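For reference, the structure is listed below as structure tokens.
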Amino acid sequence: MSVKKILVRKSTYFDSVSLMRIGEAVKKESGVLNVVVGMGTDFNIDSLKRLDLFAPELNGITPNDLVIAVLADNAENAQKGAEKAEKLLTERVISKVSADYSPPTLKGAIELDALSNVVLISVPGRFAGREVRTALENGKHVMLFSDNVSVEEEIELKDEALRRGLLMMGPDCGTTILNGVPLAFSNVVRRGDIGVVAASGTGLQEVTSLIHRFGCGITQAIGVGGRDLSERVSGRMTILAAKALGADPATKVILLVSKPPAPSTEELLCSELKSLDKPIVIYFIGADSAKIKNAGFEPADNLENAAAKACELSSGTEIIQIVSNEEISKKAVKMQGRFIRGLYSGGTLCDEMQRQLLPLLGTIYSNTPVPGAKKLSDIHRSEGHTIIDLGDDDFTRGRAHPMIDPTARIERLQSEFADASAGMILFDVVLGYGSHPDMAGAMSDAIVKARKETNRNPILVANILGTDEDPQNYGEQVKKLSEIGVHVFPSNISVARFVSAVIGGLR
Amino acid sequence: MKEASLENITKLFNSEIRVINLGIPIFADELKKQNVKVMSVDWRPPAGGNEKTMNLLDRIRAKKKV
Amino acid sequence: MADLEKANKEAISRIQSSQPYLVGLSTAGETVPGMKKNMVLHAGPPITWERMCGPMRGAVAGALVYEGLAKNVEEAEKLAADGEIIFSPWHEHNGVGPMAGVATAKMPVWILKDKVHGNNTYCTLNEGLGKVLRYGANSAEVLDRLRWMENELAPILKETLLLKGEINLKMIIAQALQMGDEVHNRNRAGTSLLIRELAPAMIEVKADTKAKKKVLEFINGNDHFFLNLSMPAAKAITMAGEWIEGSSIVTTMCRNGTDFGIRVSGLKNQWFTGPAQIVKGLLFPGFTEKDCNPDIGDSAITETSGLGGFSMAAAPAIVKFVGGSAQDALNFTQKMYEITEAESETFQIPSLDFRGSPTGINLLKVCELGLLPQINTGIAHRMPGIGQVGAGLVNPPMKCFEDALEAFAEKYA
């Protein structure tokens with residue numbers, strides 16, 4: 001049984017494609033067997049006849065008339081179908097305007113925006129080299145976030161960059177601030193006259209945030225990739241960046257942050273940097289300050305101190321420790337449970353914490369142990385004092401980075417809560433662009449839940465890394481954690497001091 | 001290695017930062033939030049990840065300029 | 001050893017400077033190079049009777065009856081299967097044919113000339129929509145129409161052209177592109193502009209007024225009449241860039257309903273084929289996917305020359321066939337710049353700020369990016385004689401380009 005419903009709109013024009021689409025949509029309505037929505041052309045009249053939709057009232061229609069013909073299983077559905085067609089005809093079509101055009105190649109993008117000057121690359125490592133080469137060949141500076149790029153390739157690419165006088169920041173470079181613009185994982189930092197070069201992402205984030213806190217500012221903050229100061233890469237980018245800052249009239253002080261360079265690289269650095277006619281503060285995590293001083297540079301003992309020294313040189317005024325030893329001692333509480341557990345999203349913060357606490361604790365386990373610390377046999381199970389970098393490859397395979405996604409760290413937090421020997425848990429909250437919008441909130445919810453479930457209350461200590469201009473609202477982040485009893489500090493070293501105060505008294 | 005010229009970097013330090021992003025889309029989104037000019041590349045592995053094709057292309061490219 | 005960069009530059013330069021004009025009308029037998037009485041020209045790369053799809057078989061049978069080589073369709077099919085008939089691709093005779101593209105000696109063909117490079121190209125006249133030979137229809141009605149075209153339409157148009165002189169097709173296409181056509185699936189503006197060119201001269205043709213009126217009504221009633229001119233014009237343009245040692249520019253893309261075939265400038269006369277794909281789009285009422293024939297026709301020559309799907313930004317309505325927005329039409333064209341070498345100096349696209357259309361498909365770029373040329377096209381019913389069942393978007397199979405790349409590396413690397 002089938003029923004026809006025919007509507008004619010005389011002297012109406014719609015283009016055939018729109019009408020076909022309306023026809024398709026009506027065909028999907030329940031009970032509709034066939035539909036023709038079209039102008040009264042010979043072709044459409046044939047279709048109507050072929051589909052048994054023609055009716056006597058259609059005799060005499062012209063190509064200027066619109067026909068809506070619906071064949072359905074009953075009268076009601078035929079009527080509904082025809083009404084749907086009418087509705088679609090009168091409805092305003094809101095076109096889905098897709099986002100700006102994204103070209104499928106770097107070359108295409110370069111052609112479309114000739115004024116571009118920085119290419120930020122985070123494609124899989126084995127494809128990254130080609131893209132970097134294309135960028136450099138077209139005169140663009142490169143920030144290479146990708147890792148899994150071989151040392152050989154890194155050297156090739158940096159040599160190409162040096163030939164062209166371009167920056168090749170990386171591989172594995174997650175933080176750079178150029179002309180006040182935070183790229184990838186970076187903070188909003190005031191402009192000033194301190195130029196920073198770092199072979200360390202969170203190291204760069206902490207020093208620049210603290211420079212801001214101390215009331216000073218930066219010209220540029222250039223990440224060079226974690227391997228730049230290794231023996232083979234021999235500081236190629238560090239030296240180029242430092243020289244560029246040396247030649248930059250806006251930069252008055254240079255700050256260098258890194259893990260200790262290979263000995264040959266350190267020598268090369270010192271000779272190259274000596275020629276720069278500006279004060280240079282150097283923080284090589286765990287290095288010998290005396291040696292640096294003898295080389296003619298200003299050594300720092302920790303990230304906060306590095307920022308402070310740079311600011312002192314910039315402003316000419318003394319910068320005191322953010323949280324005094326006295327204040328820290330006052331906050332010290334008694335620890336139940338023997339061990340310290342550190343859950344870090346920032347590799348450099350994890351490193352610095354290990355080094356600061358090794359003399360005090362004697363034995364520390366980690367997935368990324370510093371010299372003197374021990375490697376965990378199972379990175380997912382803490383032993384004794386354990387301080388881990390959750391941002392390391394071993395933890396992030398197939399998962400999002402802990403600065404973006406708190407899930408992995410919260411899982412580990414729950415394990416530590418369940419472990420009666422864990423007396424204190426440390427963690428970092430890294431703010432800034434690229435990072436989670438409310439890490440403090442996520443961590444505080446997790447802490448409240450863990451306390452409830454395990455009925456335990458280990459000491460909780462957090463370092464909030466960021467500035468008051470970061471998108472996450474620094475003050476709110478502090479509040480969310482402090483109001484549930486977490487000891488909140490503004491720098492990694494103050495956390496280390498707090499741990500010392502709790503365990504053995506602060507010196 | 002001869003001394004690298006600092007001209008291009010100095011130029012960068014005095015220009016509007018304009019970014020081309022290849023890879024993680026968040027990076028481009030974050031830049032847009034700051035009103036930084038950024039163009040995203042709809043990146044895909046070259047030659048659809050086909051190694052044979054890549055090798056042929058590399059052979060040809062090596063002979064491109066005689 | 002050829003300089004590959006230089007070779008491409010030369011191919012592009014020749015393509016850009018090509019000037020296709022409509023210069024006359026004759027029959028295939030009289031004017032198409034290499035044509036024979038027992039030859040049937042067809043669209044796409046070379047193919048045998050056994051492998052031909054439904055619409056093409058229907059068209060071949062109808063053409064053989066029309067040509068007088070067989071008395072009826074059954075006899076025609078037997079003749080075709082027996083090996084008495086030579087099947088040859090239009091492309092190997094400097095011509096093109098839409099859909100099945102079947103042509104025999106008596107059929108009238110447009111004659112075009114590239115006035116800069118001297119090449120002639122050819123195409124039959126468009127029969128109209130629905131039950132027509134190019135969709136495989138071969139009834140008496142179809143053959144009658146073909147005879148009317150041969151005996152009345154063609155002579156009047158031939159005379160008209162003699163009086164008019166030549167018509168600059170490149171200019172018409174350039175204008176049509178700015179009026180909403182992309183001259184593959186949209187030809188309304190082109191057809192209208194053509195009538196403007198022909199009408200005054202046609203009035204002076206010595207023939208019955210009724211006959212001339214019928215000619216104009218025939219053209220007017222078929223929005224795609226101009227397609228059979230835009231295609232050979234595109235053919236002339238790409239032909240100008242053919243057979244240049246070392247060039248990786250793609251000069252032919254075509255389909256016969258079974259295979260898709262390409263040719264590359266630096267690989268003279270070599271075909272690289274793969275399976276013709278299913279077109280994704282909008283179907284006319286009552287038809288479903290299982291009714292659709294795979295991609296067919298030489299009309300992809302328009303895309304090969306930077307028109308058609310490559311100029312989709314000039315005809316945004318096309319993307320409605322695949323549920324897209326006007327922005328998608330712009331994006332399709334913009335993507336094609338990634339695989340081409342140049343921007344047309346003549347064909348400009350208003351919505352892209354009058355940027356020249358993407359010209360000169362580079363085989364190497366297609367392979368490097370894994371980005372296939374974008375074609376928009378009509379869809380034929382897989383049964384012969386039913387006609388068009390819809391329109392939409394399709395790509396060539398990657399195999400054609402991979403095979404061509406291998407041959408190119410073999411020869412030049």
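See the values below:
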item: Cβ-based net charge around A:Leu166, under 9 Å, with every Lys or Arg adding one and every Asp or Glu removing one; result: +2
item: Ranked packing of A:357-370, B:44-57, most packed first, by mean Cβ within 10 Å; result: A:357-370, B:44-57
item: Cα convex hull of chain B - mean projected area over all directions, nm²; result: 8.1 nm²
item: Equivalent ellipsoid, segment A:431-507 (semi-axes from 5 times Cα gyration tensor eigenvalues, Å); result: 22, 19, 8
item: Backbone N under 13 Å from the A:Ser264 label point (7 Å along Cα→Cβ), restricted to segment A:135-169; result: none
item: Shape call, segment A:160-307: gyration tensor on alpha carbons, a/c limit 1.5; result: rounded
item: Degrees, to the nearest 10: A:407-418 long Cα axis against longest axis of chain A; result: 50 degrees
item: Theoretical gain in end-to-end length, A:Ser315 to A:Glu160 [0.36 nm per residue, Cα-Cα removed]; result: 52.1 nm
item: Label-point separation in nm, A:Asp301 to C:Lys268, each point 7 Å along Cα→Cβ; result: 8.2 nm
item: Lysine pairs within segment A:13-168, Cα separation less than 30 Å, 8 or more sequence positions apart or different chains; result: 20
item: Longest to shortest principal axis, alpha-carbon extents of segment A:365-441, angstrom; result: 34, 26, 21
item: Sequence ranges A:261-269, C:180-188, C:125-133, ranked by mean other-Cβ count within 10 angstrom, highest first; result: C:180-188, C:125-133, A:261-269
item: Expected 222 nm ellipticity per residue - DSSP helices of 4 or more, -39500 (n - 2.57), all of chain C, to 500; result: -11000 deg cm²/dmol
item: In Å, descending, principal axis extents of the Cα set of the protein assembly as shown; result: 114, 73, 49
item: Shielding by partners, peptide A:24-31 (average Cβ within 10 angstrom, other chains); result: 1
item: Restricting segment A:420-507 to GluC sites (Glu not before Pro) in coil, as DSSP defines it, with at most 12 other Cβ within 10 Å; result: A:Glu483
item: Distant alpha-carbon pairs in segment C:19-231 (separation over 30 angstrom), percent; result: 20 percent
item: Estimated translational D of segment A:203-272 in µm²/s (Stokes, Kirkwood radius over Cα pairs; 20 °C; 1.002 mPa s); result: 166 µm²/s
item: Stretchable slack from C:Lys290 to C:Met383, in nm (0.36 nm times residue separation minus alpha-carbon distance); result: 32.4 nm
item: Per the protein assembly as shown, cysteines lacking a partner by the 4.7 Å Cβ criterion; result: A:Cys173, A:Cys270, A:Cys350, C:Cys53, C:Cys123, C:Cys254, C:Cys292, C:Cys367, C:Cys400
item: Kirkwood Rh and Cα Rg combined as Rg/Rh, segment C:242-412; result: 0.98
item: Cβ-defined net charge surrounding A:Leu210, 12 Å radius [Lys, Arg +1; Asp, Glu -1]; result: +1
item: Per-pair calculated FRET efficiency, R0 = 35 Å: C:Asn395 and C:Val23 via Cβ, rounded to 0.05; result: 0.55
item: A:Ala114 paired with B:Ile26, simple spin-label distance in nm, labels 7 Å along Cα-to-beta-carbon; result: 3.6 nm
item: C:Glu345-C:Lys158 FRET efficiency (beta carbon distance; Förster radius 30 Å; 0.05 resolution); result: 0.40
item: Residue pairs, from the table A:Lys243/C:Lys9; C:Lys36/C:Lys170; A:Lys10/C:Lys158; C:Lys335/C:Lys399, whose Cα atoms sit over 32 Å apart; result: A:Lys243/C:Lys9; A:Lys10/C:Lys158
item: Rounded to whole Hz, the Karplus (6.51, -1.76, 1.60) HN-Hα couplings of segment B:12-29, x for glycine and proline; result: 4, 5, 10, 10, 5, 6, 10, 10, 10, 9, 10, x, 4, x, 3, 4, 5, 4
item: For residues of B:34-40, the mean tally of beta carbons on other chains within 10 Å; result: 6
item: Inter-probe distance in nm under a simple model that places probes 7 Å from Cα toward Cβ, at A:Glu272 and A:Ala400; result: 3.8 nm
item: Tail weight of P(r) past 28 Å, computed on alpha-carbon pairs of chain A, percent; result: 61 percent
item: Geometric extent, Cα atoms of chain C - Rg, Dmax (angstrom); result: 19.9, 63
item: Alpha-carbon Rg with Dmax, taken over segment C:146-195, Å; result: 13.0, 36
item: Net charge of Cβ neighbours under 9 Å - reference A:Leu390; Lys, Arg +1; Asp, Glu -1; result: 0
item: Packing-based order for A:164-175, A:46-57, A:429-440, using average beta carbon neighbours within 10 Å, highest first; result: A:164-175, A:429-440, A:46-57
item: Cross-link reach list, lysines versus A:Lys374, counting only Cα pairs under 25 Å and skipping chain neighbours closer than eight places; result: A:Lys259
item: Cα-based helix-to-principal-axis angle, A:303-315 vs chain A, degrees rounded to 10; result: 80 degrees
item: Zone of A:Lys293's modelled label, taken as backbone nitrogen in segment A:314-343 under 18 Å from a point 7 Å along Cα→Cβ; result: A:319
item: Proximal lysines to A:Lys331, defined as alpha-carbon separation beneath 20 angstrom and excluding residues fewer than eight positions away on the same chain; result: A:Lys479, A:Lys480
item: R0 of 35 Å, Cβ-Cβ distance A:Asp42-C:Asp82: FRET efficiency to nearest 0.05; result: 0.35
item: Amide H within-cut-off set for C:Val40, under 5 Å, with H built and near neighbours excluded; result: C:Ile86, C:Phe87, C:Ser88
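Bear in mind these aren't lab numbers, they're just calculated from the coordinates by the rules spelled out. Since the model is a prediction, treat every value here as computed from it, not as a measurement. Here Cβ is always computed from backbone atoms with ideal geometry, including for glycine, and neighbour counts include all displayed protein chains.
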